[in-house]
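Comments concern the structure below.
Every number in this text was worked out from the coordinates using simple rules, so none of it is lab data. Everything numeric in this text was worked out from a predicted model, so none of it was measured. Cβ placement follows ideal geometry from the backbone for every residue including glycine, while neighbour counts extend to all protein chains displayed.
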Amino acid sequence: MDLEQLLEYWPLLVPLFLLQFILAVTGIINVIRREPNEIRGGKKWPWIIVCVLFGILGPLVYFVFGRKDRSDDDDDDYNASH
């Protein structure tokens, strides 16, 4: 790929790079801020690796499958006390 081709595709690549960066940073911050019991598997480091290494798909997989809903835990506590 020469410089001319890179410049031709640059307007398409920049938004993809930004999207990937923003998703990765958001995913990592979300993993770090959550308690281990709020994350599937109970460990944070595998999800950080997924967010960093798997581009756009990694953070999306974490947001869809890696997080446990906080509201689910609240509902269980409510039902157990009544």
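Of all residues in region 29-50, those that are small (Gly, Ala, Ser) have Cβ atoms under 8 Å from Cβ atoms of residues that are buried (at least 16 other Cβ atoms within 10 Å of the Cβ), 6 or more apart or on another chain, in Gly41/Trp47; Gly41/Gly66.
Scan region 1-28 residue by residue and report those that are more than 18 Å from Lys68 (Cβ to Cβ) and in contact (Cβ under 8 Å) with a residue 24 or more places away in the chain. Within region 1-28, Leu16, Leu19, Gln20, Leu23, Ala24 meet the criteria.
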